[in-house]
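Input: a single structure, listed below in structure tokens.
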Amino acid sequence: MPLPHRPRTPNGRPQLRLTPRTALIRITGTAERGWVVGFHDDDGRGDWTTSPIAEARLDAPLPPFLTSLDAHAAIRRCLLDEHGHEVGLEAVGEYLHGLLHQGAIGEAWDAAAMSARPSGLRLLLDLPDSLASLPWELLIRGLKRPATDVAAPLVRVGRSFCGASTPEAVRWPLKVLMVVGSAADDERVAAFDEVRNVQHALRRHCGQTDVEVLWRPTRAELRERYDELRPHIFHFIGHGDVEDGRGRLLLHDPRTGDQHPWTAPEIHADLAAHPPRLAILNACRSADRDEDRAGAWRVADAFVELEVAAVIAMQADIRGDVAAAFTAELYTALVQHEPLDVAVSRARRAITDTTGFERRDFAVPSLTVNAPPESVLRLRYGTGDEDLDPGEPLQRQYAGFVDRTRERRRLWRVLDPEPELEIAPGVIEITGPAAVGKSELARWCVTACEVHGGNAAYVDLKRGGRVDCLATLGLIAAELAAKPQHQDANAAAFAAWREAVETLTRTPAAPPNALETTFALFTDALREAAGDRPLLVTLDHVAALATEELELLCDYLLEPAAHGQLEPVRFIVAVSEEQAGALTERLRRAIGASISLRTFRPDEFGEIALQYFFHHFDVPRTDVEATLAALPSLNEDFSWGAVVGLASYIEGIGWERYK
């Protein structure tokens, strides 16, 4: 069952919109034998894609504006020619609409559109190869252009499309791998602008996204990073061409200046183990032949054959600045939870802000889906859809974390390990210099676990002075009992432990095995509270415990967790480098993995500050960039506290005054 469609405005508040109703037009046959058109209406039946409500033979007369018998090639050229064609785009759009809107098909289409009001009618097109090359995105229906209509989008479907089948929802974080295959001085591609626009669109959601950019990698480097990240979105920027009738992408080698082809068979071999959900191929530029200018359109077939849920490909050459505008709006819509086809329609509409409808650029991006558009990047909060509502405040908090992408990628395996990956360590350490952001990362870990439906507690052992191990257990239990998502279950799980502690405190002389019993009851309570979901306990400033108390915590809690005896309970301990020497050797042995945070380099300040400011302040991008440009250059590494301090200062005196 899909999640309720509640797209978000930039400030995170729900934006009400009705999900479009869906219709499918399927064309079968050949030009020689004739084409048959079927109209399918999604009325809730599981077999709606195989049972048309109307059928008709397709009458394809020669367009009135053409004299050539090869009408399809002429229509295709109006899309390939960047600077226009003698055939008007409106005439082509009306002709394409007329091809489909005939007889019983037209009547069924009109009736479905009428009954779909006010939500709109999404139109899916299932086309044979001989008709797929036509620019259906130019189609005009009255005054509407479905390709840019967010209420009634136009979408192509692949051969494996089944309207009743939906892929499993994507768990946060949204993982994106961008590959730039063009040369650094290739101004026509404008890869830097496109990458920058994607980064800007995701800056308000840093904590819930994992974005990596590969600049001009070799095929081996690309494959290695892809296998590590296993992205939900694979985004290629560069060039494509055709060899022996098959599309391929080109990887520029900056050392030799050569263009190395990444062929369809190689793409299939490199990505087949973990296909992305969405492939974005922005790779049609500066080719002389029509066939080469359709390179990305052809190579899209390789991704469709991989059974990628959706592919966005450029059908023709497109200016770099236009592609960058499309990409910026696309990602902005996706992180606001828009269905993919609505996001693409919004992005095409953004192109018209630059070029209008007089140029064909808005119709160049083509979306093909193998699953219902709203399910391609359906993102869920916990282990079930029922976790959506209580998870929303956590999601906004989760999104605000800045940078530390590689460190968070390692931690995700602890917070929510995937079954096919290696077993996650039971205890992990976060360390680094003072004020580098260890506590912020520790708190992010707790929120991330909760967003994934897990139980989690953040305990600051430095708060309120030194504590003993029994008080530490009490702090953990209290934090878990205060969690809205699991409050009652957690309180019930720790009831026996609390009763044992109260009995122990009332007894003048504790029995010999009191400590073992107390810890045994506590670990039993942890396992009961966890159930089959991850339970994470983060202990910050662990060096605040006295040595003997830390030894006890290791003996009865951390070492059993390190050996997998408390699964699925895991611990994160945070300690500064200055205090790390105070940790006992036994705690060192219990730590299964260590995350070491470093200070930031001077050249990283601008991007990190942008991420922080865009999430925490409702300030235009130009204002933030102007503010940062006015700052003096940094000459030494800086800590996380410097970014927060600057933000607090600017907020206090006002952005306008600071500029």
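The values are calculated or read from the model by the stated rules, or taken from the named source; none is laboratory data. Computed from a predicted structure; not experimentally measured. Every residue, glycine among them, receives a Cβ derived from its backbone with ideal geometry; neighbour counts consider all protein chains shown. Remember, those area values only see protein heavy atoms, side chains included, never the ligands or the DNA or RNA. Shrake-Rupley method; radii C 1.70, N 1.55, O 1.52, S 1.80 Å.
Under 8 Å by Cβ, and 6 or more places apart or on different chains, what pairs join a residue from the stretch 616-634 that is open to solvent by less than 80 Å² (accessible area, probe 1.4 Å) with one that is small (Gly, Ala, Ser) and at pLDDT below 70?
Pairs that qualify, where the first residue is open to solvent by less than 80 Å² (accessible area, probe 1.4 Å) and the partner is small (Gly, Ala, Ser) and at pLDDT below 70, are Phe617/Ala647.
From Gly12, Gly46, grab the single residue that is at pLDDT below 85, open to solvent by less than 50 Å² (accessible area, probe 1.4 Å) and outside any strand (DSSP E or B).
Numbers: Gly46 fails: open to solvent by less than 50 Å² (accessible area, probe 1.4 Å).
Just one listed residue meets the conditions, Gly12.
Per-residue answers, yes or no, for (1) over 20 Å from the mean Cα position of the chain (by Cα); (2) open to solvent by 10 Å² or more (accessible area, probe 1.4 Å):
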{"position": "Val155", "(1), (2)": "yes, no"}
{"position": "Arg171", "(1), (2)": "no, yes"}
{"position": "Asp210", "(1), (2)": "no, no"}
{"position": "Asp227", "(1), (2)": "no, yes"}
{"position": "Pro231", "(1), (2)": "no, no"}
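Does Ala529 satisfy the criteria of being over 38 Å from the mean Cα position of the chain (by Cα) and open to solvent by less than 20 Å² (accessible area, probe 1.4 Å)?
On the way: over 38 Å from the mean Cα position of the chain (by Cα): no; open to solvent by less than 20 Å² (accessible area, probe 1.4 Å): yes.
Taking the combined requirement at face value, the residue does not satisfy it.
Please return the ranges of helices (runs of 4 or more DSSP H) entirely within the stretch 460-515 where 1 or more residues are within 23 Å of Cys554 (Cα to Cα) and over 38 Å from the mean Cα position of the chain (by Cα).
Numbers: elements: 469-481, 487-493, 495-506.
Where helices (runs of 4 or more DSSP H) fall fully within the stretch 460-515 and carry at least 1 residues being within 23 Å of Cys554 (Cα to Cα) and over 38 Å from the mean Cα position of the chain (by Cα), they are 469-481, 495-506.
So, of the residues in the stretch 545-559 that are open to solvent by 20 Å² or more (accessible area, probe 1.4 Å) and assigned to a helix (DSSP H, G or I), which turns out to be nearest to Ala434 (Cα to Cα)?
Thr547
Of the residues Gly88, Gly106, Gly120, which is among the small types (Gly, Ala, Ser), open to solvent by less than 30 Å² (accessible area, probe 1.4 Å) and at negative phi?
When all the criteria are applied, what remains is Gly106.
Starting from the stretch 316-344, keep only residues that are at positive phi, then list their pairs with residues that are open to solvent by less than 10 Å² (accessible area, probe 1.4 Å) and not in a helix (DSSP H, G or I) whose Cβ atoms are within a distance under 9 Å, requiring at least 6 positions of separation or different chains.
His337/Pro7
Taking the residues in the stretch 340-368 that are open to solvent by 10 Å² or more (accessible area, probe 1.4 Å) and either in contact with a strand residue (DSSP E or B) (Cβ under 8 Å, 6 or more places away or on another chain) or assigned to a loop (DSSP other than H, G, I, E, B) (or both) as candidates, determine which candidate is modelled with the lowest pLDDT.
Keep residues of the stretch 340-368 that are open to solvent by 10 Å² or more (accessible area, probe 1.4 Å), which gives 346, 349-350, 352-359, 368.
Next, only the ones that are either in contact with a strand residue (DSSP E or B) (Cβ under 8 Å, 6 or more places away or on another chain) or assigned to a loop (DSSP other than H, G, I, E, B) (or both) stay: 356-359, 368.
Details: Gly356: 87, Phe357: 87, Glu358: 81, Arg359: 86, Thr368: 93.
Checked the stretch 340-368; the qualifying residue modelled with the lowest pLDDT is Glu358.
Restricting to the stretch 472-484, name every residue that is modelled with pLDDT under 90 and either within 25 Å of Ala514 (Cα to Cα) or open to solvent by less than 50 Å² (accessible area, probe 1.4 Å) (or both).
Lys483
Hey, among Thr263, Thr256, which residue is more than 23 Å from Val155 (Cβ to Cβ), of a type outside the set (Gly, Ala, Ser), out of contact with any strand residue (DSSP E or B) (no Cβ under 6 Å at 6 or more places or on another chain) and modelled with pLDDT of 85 or more?
Details: Thr263 fails: out of contact with any strand residue (DSSP E or B) (no Cβ under 6 Å at 6 or more places or on another chain).
The match here is Thr256.
Suppose we filter the stretch 511-562 for residues that are touching a Lys or Arg at 6+ places or on another chain (Cβ under 8 Å) and within 20 Å of Ala489 (Cα to Cα); how many remain?
5
Is at least one residue of the stretch 574-582 assigned to a loop (DSSP other than H, G, I, E, B) and either out of contact with any strand residue (DSSP E or B) (no Cβ under 6 Å at 6 or more places or on another chain) or surrounded by fewer than 20 Cβ atoms within 10 Å (Cβ to Cβ) (or both)?
Restricting attention to the stretch 574-582, the residues satisfying the condition of being assigned to a loop (DSSP other than H, G, I, E, B) are 581-582.
Subset that is either out of contact with any strand residue (DSSP E or B) (no Cβ under 6 Å at 6 or more places or on another chain) or surrounded by fewer than 20 Cβ atoms within 10 Å (Cβ to Cβ) (or both): 581-582.
Yes - at least one qualifying residue is present in the stretch 574-582.
Of all residues in the stretch 560-573, which are in contact with a strand residue (DSSP E or B) (Cβ under 7 Å, 6 or more places away or on another chain), open to solvent by 10 Å² or more (accessible area, probe 1.4 Å) and part of a helix (DSSP H, G or I)?
Hit for the stretch 560-573 is Ala562, nothing else.
Quick one: in the stretch 516-543, which of the residues that are in contact with a strand residue (DSSP E or B) (Cβ under 9 Å, 6 or more places away or on another chain) and assigned to a helix (DSSP H, G or I) is farthest from Pro568 (Cα to Cα)? Working first, answer last.
Initially, the stretch 516-543 is screened for residues in contact with a strand residue (DSSP E or B) (Cβ under 9 Å, 6 or more places away or on another chain), giving 523, 526-527, 529-531, 533-543.
After this cut, where a residue has to be assigned to a helix (DSSP H, G or I) as well, the list is 523, 526-527, 529-530, 542-543.
Values: Thr523: 11, Leu526: 9, Arg527: 7, Ala529: 10, Ala530: 7, Val542: 21, Ala543: 25 Å.
Only one residue fits best here, namely Ala543.
In the stretch 238-287, which residues are closer than 24 Å to Ala184 by Cβ and in a loop (DSSP other than H, G, I, E, B)?
Answer for the stretch 238-287, where residues must be closer than 24 Å to Ala184 by Cβ and in a loop (DSSP other than H, G, I, E, B): Gly238, Asp253, Pro254, Arg255, Thr256, Gly257, Asp258, Ala283, Cys284, Arg285, Ser286, Ala287.
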